Amino acid sequence: MRDYTLFIPEYWAAAAACLIIAIEIARPSLPRPTLAYLTAIAAVIYGGFSLFYIPNDPESFMGLIQVDDFTTFFRVLGAGTVAITAMLSATHMRHRASVLGEYYGLLLVALIGLTFMAAARELLTAYIALEILSFSFYILVGYARRDVFSAEASLKYILLGGFASAVLLYGVSLVYGVSGTTFYDGIAAGLADQGGDMDLAMIAGLMLIIAGVGFKVSAAPFHMWAPDAYQGAPLPITAFLSTASKAAGFALILRLFSASFVEEGESWRWAVAGVAVLTMIVGNLVAIQQTDLKRLVAYSSIGQVGYMLVVIAAIGYGGPEIGEQASSALLLHMVGYVISTLALFTALTAYYDRTGRDSSIRGIRGMAESQPYLALIVTASLFSFAGLPFFAGFATKLFMFQASAEPELLWVIGVAIVASFISLYYYLMVIREMYLFDPEGGLQRFRVQPIMWAMATLLFVGILFVGIYPGPVFELADAAVEPLFQVGADAGS
């Protein structure tokens, strides 16, 4: 069935991206923050359009794209992320690039790629969506062309990303060669006809797909691009990369595994569990050695990916019986992680834009004296990452590990708990710089711009809300994953 009205939000995002570029060409003297505000408004409208699809039953476009509550969840999450990233860029990018229309247009293009990764029901469609998102990131990471680190980071990201894409495509070709289809439901039907046994070619293809998608979410040992990309990218893009890439990657993984491979978990669950453990260990141990704050956040986010992969492994061990509950917990954690990350980078962007300091950990020395409110936001975000009570990360990790507590995975959850304690050490190192030292260079107390103060406050409230009262968000997540584990044919086909 070809119902093109399913893509009205994407039509709007594409049109808004072109319009923003055209506005800059037609009105080059327009105040530069105006484009940021227009992009944020466009993203909010995109999210508003998405809400109209909530009452409807799941609908499929030729079996390639499915619009359901899961798709809507990531549409809204992505729209909020793009809106905040655009607002962070309003002042940060003003003097860092001569042309900004394409910058804001690419944010909206990346939003389209994120949505289609969540909605795809066929491997090549998912691959194209992933490449739309990836190419947007390649350009955005290197957009500060006057910064040599930005150009270098973009080049490394492109080269490694191209290799990861080739690995992913080779995996898709192997899966197609065995099953004769690239549709998720067709792959599952083919495996069922074989009695649920996966031959070596299918296992090899699945492992290559895991490696390719693992690169996109920066899971170890496919994480080597992340520290350089995070360090070289402009601060708002570091925030966007840290949130959108992981949201899109895990949306694709959940849709693919729940539709195609959930019944054959014994063939792949060991690999995902191993990658989860390695990712948690590498991310949290290497983070201790970092002196640059953006690189520290990069390795911290790698550790967070390890926690999320525990859920995917749990689906392999528990099957559809626990899949829905575990996936709901993962989406809840994703919301908490996105809010915490955006809060952290809102505070850091406001501080660095005002002080002009670099992104070293030493650069925030004495923040509690010069701007105590921003120091509070940073502290709350880091405590949320560590999983301390009353902050989002505590509630979301608790739900996630509880839902993943299969007997075979208890040792993995034990590693995750130890890794969380290790992470608290390097988070306290950052907090120590803010609270136990005086500001360098005679920096005096300053006021935060009202718009940055409002965004930081909103995100801070979000951290506390999810940490203290996660029920409403968990209910939304639960409704979002319900279509993933429906038995039978593709709903709405």
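Some points to look at:
Residues checked against (1) without any contact (Cβ under 8 Å) to a residue 12 or more places away in the chain; (2) more than 24 Å from the chain's Cα centre (by Cα); (3) surrounded by fewer than 21 Cβ atoms within 10 Å (Cβ to Cβ):
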{"residue": "Gly177", "(1), (2), (3)": "no, yes, yes"}
{"residue": "Gln194", "(1), (2), (3)": "yes, yes, yes"}
{"residue": "Asp199", "(1), (2), (3)": "no, yes, yes"}
{"residue": "Met207", "(1), (2), (3)": "no, no, yes"}
{"residue": "Ala211", "(1), (2), (3)": "no, no, yes"}
{"residue": "Ala220", "(1), (2), (3)": "no, no, no"}
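- Ala188 vs. criteria within 27 Å of Leu409 (Cβ to Cβ), in contact with a helix residue (DSSP H, G or I) (Cβ under 6 Å, 6 or more places away or on another chain) and surrounded by 23 or more Cβ atoms within 10 Å (Cβ to Cβ): no
- Flag if Tyr373 is free of Cβ contacts under 8 Å to residues at least 60 places away in the same chain, touching a helix residue (DSSP H, G or I) at 6+ places or on another chain (Cβ under 8 Å) and under 18 Å from Arg445 (Cα atoms): no
- Pair list, Cβ < 8 Å and 6+ apart or interchain, from the range 424-451 residues that are farther than 18 Å from Thr346 by Cα and in contact (Cβ under 8 Å) with a residue 40 or more places away in the chain to residues that are assigned to a helix (DSSP H, G or I) and among the basic types (Lys, Arg): Glu433/Arg362; Glu440/Arg362
Matching residues to (1) farther than 24 Å from Ala86 by Cα; (2) more than 19 Å from the chain's Cα centre (by Cα); (3) surrounded by 24 or more Cβ atoms within 10 Å (Cβ to Cβ); (4) modelled with pLDDT of 95 or more:
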site: Ile339; (1), (2), (3), (4): no, no, yes, yes
site: Phe345; (1), (2), (3), (4): no, no, yes, yes
site: Thr355; (1), (2), (3), (4): no, yes, no, no
site: Gly366; (1), (2), (3), (4): yes, yes, no, no
site: Glu369; (1), (2), (3), (4): yes, yes, no, no
site: Phe390; (1), (2), (3), (4): yes, yes, no, no
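- Screening Ile54 against (1) part of a loop (DSSP other than H, G, I, E, B); (2) modelled with pLDDT of 90 or more; (3) among the hydrophobic types (A, V, I, L, M, F, W, C) leaves a single unmet condition, (2).
- Check on Val277, assigned to a helix (DSSP H, G or I), buried (at least 24 other Cβ atoms within 10 Å of the Cβ) and among the β-branched types (Val, Ile, Thr): no
- Whenever a residue of the range 1-23 is within 15 Å of Ala129 (Cα to Cα) and touching a residue at least 60 places away in the same chain (Cβ under 8 Å), its partners that are part of a helix (DSSP H, G or I) and of a type outside the set (A, V, I, L, M), lying with C-beta atoms within less than 8 angstrom and at least six residues away or across chains, give the pairs Glu10/Thr115; Glu10/Phe116; Ala13/Tyr46.
- Evaluation of Glu131 against (1) within 20 Å of the chain's Cα centre (by Cα); (2) within 28 Å of Phe183 (Cα to Cα); (3) touching a residue at least 40 places away in the same chain (Cβ under 8 Å) (one fails), failing number: (3)
- Matching residues in the range 418-448 - criterion: being surrounded by 15 or more Cβ atoms within 10 Å (Cβ to Cβ) and either touching a His at 6+ places or on another chain (Cβ under 9 Å) or more than 19 Å from Ser381 (Cβ to Cβ) (or both): Phe437, Pro439, Leu443
- Filter result for the condition that a residue is among the small types (Gly, Ala, Ser), in a helix (DSSP H, G or I) and within 24 Å of Ser327 (Cβ to Cβ), over Gly105, Gly80: Gly80
- The criterion of at least 1 residues that are within 25 Å of Phe70 (Cα to Cα) and of a type in the set (A, V, I, L, M, F, W, C) is met by the following helices (runs of 4 or more DSSP H) wholly inside the range 171-271: 184-193, 200-216, 235-256.
- Residue tally, condition β-branched (Val, Ile, Thr), buried (at least 24 other Cβ atoms within 10 Å of the Cβ) and under 13 Å from Tyr143 (Cβ atoms), over the range 72-117: 1
- Top-ranked residue of the range 46-71 - restricted to ones that are hydroxyl-bearing (Ser, Thr, Tyr) and in contact with a Ser or Thr (Cβ under 6 Å, 6 or more places away or on another chain), ranked as surrounded by the most Cβ atoms within 10 Å (Cβ to Cβ): Ser50
- When Ser98 is tested against (1) within 17 Å of the chain's Cα centre (by Cα); (2) over 30 Å from Ala477 (Cα atoms), only condition (1) is not met.
- Boolean, Thr291 is under 13 Å from the mean Cα position of the chain (by Cα) and more than 16 Å from Met207 (Cα to Cα): no
- Members of the range 314-327 found to be assigned to a helix (DSSP H, G or I), of a type outside the set (Val, Ile, Thr) and surrounded by fewer than 24 Cβ atoms within 10 Å (Cβ to Cβ), listed by number: Tyr317, Gly318, Pro320, Glu321, Glu324, Gln325
The values are calculated or read from the model by the stated rules, or taken from the named source; none is laboratory data. The model shown is predicted, which means the values in this text are computed figures rather than measured ones. We place every Cβ from the backbone using ideal geometry, glycine too, and count neighbours over all the protein chains shown.
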